[in-house]
Amino acid sequence: MYGNTYLYYISAVWFFGVPLYVGSQNTSGTISQTVLSITVDYLQICCCISFGIIFFSIYEKILQAMGRSLYSTIAQISGAVVNIILDPIMIYGWLGCPEMGVRGAAYATVIGQIVSGVMVFIFHIKLNVELDKGITYCKPQGKILRDIYAVGLPAILSQALLTVMTYGLNIILGQLPAVGENAVTVYGLYCKIQQLVIFASVGVRDAITPIVSFSYGMGNKKRIREGIKDGMIFTLILMAVGLVAIELFAEPLTRFFSLSDVTYTMCIDCMRIVSLAFIFAGLCIAFQGVFQAIEGGLQSLLISVGRQVLFILPIAWFIGKFVIEAENVQVIWWTFLIGEAITLICAICMYVCTTKKKINALKS
């Protein structure tokens, strides 16, 4: 009962807070009311009906911890397919469904999330036979919660910092002379495209963490170093492939969107410049997995702070304020390359120091 009451309160905060959140990013007053309205509609639905993605996140990690990542992947893909199928049906009103526009896209998203959440729950019940699923094990225990947050807090803050970065960049980009609204649109589109590449490095990070962690728990220096080396090499290969793909197919990918001439050109410039940061970003993400594996939660958090806030927002603000002009707006996109490169240098320095204290000190 208390959980339901808490959920109602949170939903109310989301519902009434979304208009304030969206409106606060229109500092220049250049974003149309239509865009603001449909943004509010989309976010309110996705935030208030978010239990699907929450439960998926919980049981996905349990399946991964039990060595059943394939089933969490099946659930995730199934939800994505449902989302893709429902998008045109609910947006345009096909097959007797009411035409709902952006609201339809939001409902398709949350339905896909619910499908994924239900599937991972079923997989958990059916497949994780090693775990006792009795209700008594749902009772919170202080020590276990502390252990969970000791490892999970950096990841929580990392996700929160991503929101802070997006929020800050939307404000900075929205104030660019003459092309502010175009820049915000381009950044939103590019974020969707880059996820295809960045998620690959996140997957490698999630593989690095348990492999290195097991070896660290065994005190086996050789296996720790091999796990880190192989993970870094694999990350470099994936990021290099992603970089080449974006550089080659920037124009075809951009044609998928109905953009004005100014936004179209800006989007191509953005994709080709920001993709240069893929290798730096991928290695930073891989280092986060390494630090999490060797009890370096603080170092992992510092990498998140660096690449998402500390070395991004101030540089973007400076470029937008003092360097950029309407005719050379592409300069703003170099922010990501600079920020990721500085963060990687810091990550390498922290890794060298941590290696001396934690890995080299091991006996075997």
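Descriptive notes on the structure:
- FRET efficiency estimate (nearest 0.05) - Cβ-Cβ, Lys363 to Leu70, R0 41 angstrom: 0.70
- P(r), alpha carbons of the range 214-364 - 10 Å bins starting at zero, rounded %: 11, 32, 29, 17, 9, 2, 0
- Computed with every protein chain present, the accessible area of Lys139 is close to 150 Å² [probe 1.4 Å].
- Springs between Cα atoms under 10 Å define the GNM used for the chain, and in it the highest mean-square fluctuation of Phe256, Phe318, Phe280 occurs at Phe256.
- Legend: P(r) of the chain from all alpha carbon pair distances, 10 Å bins from 0, whole percents, reading 5, 19, 30, 28, 14, 3, 0.
- Given charges at Cβ of Lys, Arg, Asp, Glu: the range 38-164 dipole, positive-most of Gly96, Phe56, Ala150: Ala150
- Net dipole in debye of the range 269-364 [+1 Lys, Arg Cβ; -1 Asp, Glu Cβ; about Cα centre; nearest 20]: 580
- Dipole orientation for the chain: of the candidates Val323, Ile342, Ile312, Ile342 has the Cα lying most toward the positive pole (charges on Cβ; Lys, Arg +1; Asp, Glu -1).
- Length-normalised contact order of the range 76-184 in % [C-alpha pairs under 8 Å, at least 6 apart]: 17
- Viscosity 1.306 mPa s, 10 °C: Kirkwood-radius Stokes-Einstein D of the range 100-244 over Cα pairs, µm²/s: 80
- Across Leu259, Leu95, Leu189, mean-square fluctuation computed from a Gaussian network of the chain (C-alpha pairs under 10 Å connected) peaks at Leu95.
- With the whole protein complex present, Lys222 retains an accessible surface near 140 Å², based on a 1.4 Å probe.
- Full extension of the chain between Ser57 and Cys349 yields a length gain of 101.9 nm, computed as 0.36 nm times the residue separation minus the alpha carbon distance.
- When you filter the GluC sites (Glu not before Pro) in the range 289-330 for DSSP loop state and at most 12 other Cβ atoms inside 10 Å of their Cβ, you are left with Glu325.
- Heavy-atom accessible area order for Cys46, Cys353, Cys270, largest first, 1.4 Å probe: Cys353, Cys46, Cys270
- Rounded to the nearest 20 debye, the dipole size of the range 227-311 about its Cα centre is 100 debye, using +1 on the Cβ of Lys and Arg and -1 on the Cβ of Asp and Glu.
- Annotation for Asp206 and Asn220: the two label points, set 7 Å from Cα along the Cα-Cβ direction, are 2.4 nm apart.
- Label-point separation, Gln141 to Trp94 (7 Å along Cα→Cβ), nm: 5.1
- Among Val309, Val323, Val179, residue whose mean-square fluctuation peaks in a GNM of the chain (springs only between Cα atoms under 10 Å): Val323
- Built from the Cα atoms of the range 211-250, the convex hull projects on average onto 2.8 nm², one quarter of its surface area.
- Helical contribution to [θ] at 222 nm, DSSP H n ≥ 4, -39,500 (n - 2.57), averaged over the chain, rounded to 500: -26000 deg cm²/dmol
- Taking Cα centre as origin and charging only the Cβ of basic (Lys, Arg, +1) and acidic (Asp, Glu, -1) residues, the dipole magnitude of the range 312-364 rounds to 680 debye.
- Efficiency of FRET from Cβ geometry, Val323 and Phe121, R₀ 51 Å, rounded to 0.05: 0.50
- Averaging 1/r over every pair of different alpha carbons in the range 286-333 and inverting the result gives a Kirkwood radius of 12.4 Å.
The values are calculated or read from the model by the stated rules, or taken from the named source; none is laboratory data. Note that the coordinates shown come from a computational prediction; the quantities given were computed from them, not determined experimentally. All Cβ positions, even for glycine, are placed from backbone atoms using ideal geometry, and neighbour counts span all protein chains on display. Each accessible area value is taken on the protein alone, full model and side chains, heavy atoms only, with ligands, DNA and RNA left out. Shrake-Rupley method; radii C 1.70, N 1.55, O 1.52, S 1.80 Å.
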